[in-house]
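This report concerns only the one structure given below.
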Amino acid sequence: MKVSRRDFIATTAIGSASLALDLHGQNKPDASAAPPGNPPKKPLIICAHNGYDYLDRGYALLTGGGDTLDAVMQVITGPEDDPNDDSVGLGGLPNEDGVVELDACCMHGPTCMAGSVAAVREIKNVSLLSKAVMEHTGHVMLVGEGAQRFGFAMGFPRETLLTERSRKVWLLWKETMSNQDWWGPGLASPNYKLPDENPNHSSLREERIQQMEELAGKLGIEPGFRAAAVQRVLHPPYGTIHCSAINEKGEMSGATTTSGLAWKLAGRAGDSPIIGAGCYTDQDVGSAGATGNGEENIKVCGAHTIVENMRRGMSPQEAGMDALKRIVRNLNGDMRKMQYVDMSYYILRKDGAYAGVCMWSGPPEHLRRFAVHDGTKRYETAVALFQGKSIGWPPMPDRQHLAPEQKK
Ligand code: GLY
């Protein structure tokens, strides 16, 4: 079909006009259910518990009229710079080769811009690197060596990210558990076999933990950190930080950064660098982000699902609970598998309503918390789908608990 220039201009103009109508929400499933439109009376920041110490500087930036994404960066670069936070940035727990690989992404509500980096080595502040991708390239996501080269070109310093403490915990894993690695079928696979129940499980487990704590001592891990090191080996953490912020104008941003799953295969990217899974911000609706099992969260596009749920009228808590239930459904509601899956969501709506939700409540003395600042900085307890404690994946096969003479 031949289209004249005049026809083309006319068609384009009509197309743009219809698009403009759609952009204002005419096609929303239920416009009456759309989230409230008024911005909050005061700025608000929500983040994972490990951002608590850095909330003040983010909040000060917001009340000083700073940009919401800059405020988010003020919060999440704190744990990235802290060598003792082994879930992100400097000191993050490494992959199975002993190499720290970091993931991050960010989204700026007012401009609808996004940036992301995955599997980046030797650059500590990958949250800022994801922002640099957003601001200085026409791309959204850079990975691996290319992301690293871009970072060095942008002036990010080359740094050794593996601290002595994280190296020793990795050695403890190598010596005791590296035969239980991430190779083979995952939890969702029909070929995955749950370990057999063993009536002697608890006593064997205690014995195993004691042996590992002794080895931790021999490896030079300080006494006060040995029990924690053993837990990181037995139940590799997914530690991460997400932060979302809103100002008095209702502008929102969000970002997530992580060293990802401990002892992962080299090149593994979790949910944190995936726009829509680890983080999602829509200026019309809200912002959400995740910490926890990246593999399961990617499959439900957690952050995007939550924002879309709020667009359809759900409260932040309802929206987060729905995403958690989708994860449960993906594993056919099998609680023997669910005990290995943990997930937390941090949710902010454009009117300042917020929620922290999680799959498992944690033990009564250590309930899952998130951090908030709205002029008052505080922890709040997350609303849990299940009461109790997840035990981290992969499960230790019972033979792993057995002393050498019992294994024969
Ligand atoms: N949620 C962090 C990760 O899975 O890497």
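Where a number appears in this text, it was derived from the coordinates with a stated rule and is not lab data. Just so it is clear, the structure is predicted and the values come from calculations on it, not from any experiment. So basically every Cβ, Gly included, is an ideal-geometry build from the backbone, and we count neighbours across all protein chains shown.
How large is ³J(HN,Hα) for each residue in the stretch 337-342, as worked out from phi by the Karplus curve 6.51 cos²θ - 1.76 cosθ + 1.60 (θ = phi - 60°), to whole Hz, x for Gly and Pro?
Per residue, the Karplus-derived 3J(HN,Hα) values read 8, 4, 5, 9, 10, 10 Hz.
If I stretch the segment between residue 152 and residue 135 completely, what's the gain in nm (0.36 nm per residue apart, minus their alpha carbon distance), one decimal?
Extending this stretch completely gives an extra 4.6 nm.
With the cut-off at 1.5 for a/c, could you classify the stretch 41-165 from its C-alpha gyration tensor as rounded, prolate or oblate?
Judged from the Cα gyration tensor, the stretch 41-165 comes out oblate (a/c at least 1.5, b/c at or above a/b).
I'd like the Karplus ³J(HN,Hα) series for the stretch 281-298: coefficients 6.51, -1.76, 1.60, θ = phi - 60°, whole numbers in Hz, and an x wherever there's a Gly or Pro.
Using θ = phi - 60°, the values come out as 10, 10, 4, 7, 10, x, 9, 8, x, 9, 9, x, 5, x, 4, 6, 5, 4 Hz.
Can you tell me how the stretch 27-106 classifies by the Cα gyration tensor, rounded, prolate or oblate, using a/c under 1.5 as the rounded cut?
Because a/c hits 1.5 or more and a/b fails to exceed b/c, the stretch 27-106 counts as oblate.
In degrees, nearest 10, range 0 to 90: what is the angle between the Cα axis of helix 5-23 and the longest Cα principal axis of the chain?
Result, in degrees: 60.
Relative to the present Cα-Cα distance, how much length would full extension add between residue 376 and residue 42 at 0.36 nm per residue of separation?
Contour length minus Cα-Cα distance gives 119.2 nm.
I want to check the label-to-label distance for residue 205 and residue 97. Put each point 7 Å from Cα in the C-beta direction and report it in nm to one decimal.
3.4 nm
Let me know the shape class of the chain, please: from the alpha-carbon gyration tensor, a ≥ b ≥ c as square roots of the eigenvalues, rounded when a/c is under 1.5, otherwise prolate if a/b is greater than b/c, or oblate.
Because a/c hits 1.5 or more and a/b exceeds b/c, the chain counts as prolate.
By residue number, which cysteines of the chain lack any other Cys whose Cβ falls under 4.7 Å from their Cβ?
When partners are defined as cysteine Cβ atoms under 4.7 Å apart, the chain leaves 105, 106, 112, 279, 301, 358 without one.
Say each of residue 84 and residue 335 gets a label point 7 Å from the Cα, pointing the same way as Cα to Cβ; how far apart are those two points in nm?
Using points 7 Å along Cα→Cβ, the separation is 3.8 nm.
When 301, 358, 112 are ordered from fewest to most other Cβ atoms inside 10 Å of their Cβ, what list results?
Listing 301, 358, 112 from fewest to most nearby Cβ atoms yields 112, 301, 358.
Quick one: which residues, 5+ away or cross-chain, put their amide H under 5 Å from the amide H of residue 391? H built at 1.01 Å from N.
340, 341
Just to confirm the number: angle between the C-alpha axis of helix 68-81 and the first principal axis of the chain, 0 to 90 degrees, nearest 10?
Tilt of helix 68-81: around 10 degrees.
Please list, in chain and number order, the residues 5+ apart from residue 260 or on another chain whose amide H is under 5 Å from its amide H, with Hs placed from the backbone.
103
Rounded to the nearest 500, what is the chain's calculated 222 nm mean residue ellipticity when only DSSP H runs of at least 4 contribute -39500 (n - 2.57) each, over all residues?
After summing the helix terms and dividing by the residues of the chain, the value is -11000 deg cm²/dmol.
Compute the acute angle (0 to 90°) between the alpha-carbon long axis of helix 126-136 and the principal axis of greatest extent of the alpha-carbon atoms of the chain; round to the nearest 10°.
Around 30 degrees separate the two axes.
In what order do 244, 390, 189, 178 fall by count of nearby beta-carbon atoms within 10 Å, going from fewest to most?
The most exposed by this proxy come first: 189, 178, 390, 244.
Could you please rank 251, 122, 206, placing first whichever residue has the fewest other Cβ atoms within 10 Å of its Cβ?
So the ranking, lowest neighbour count to highest, is 206, 122, 251.
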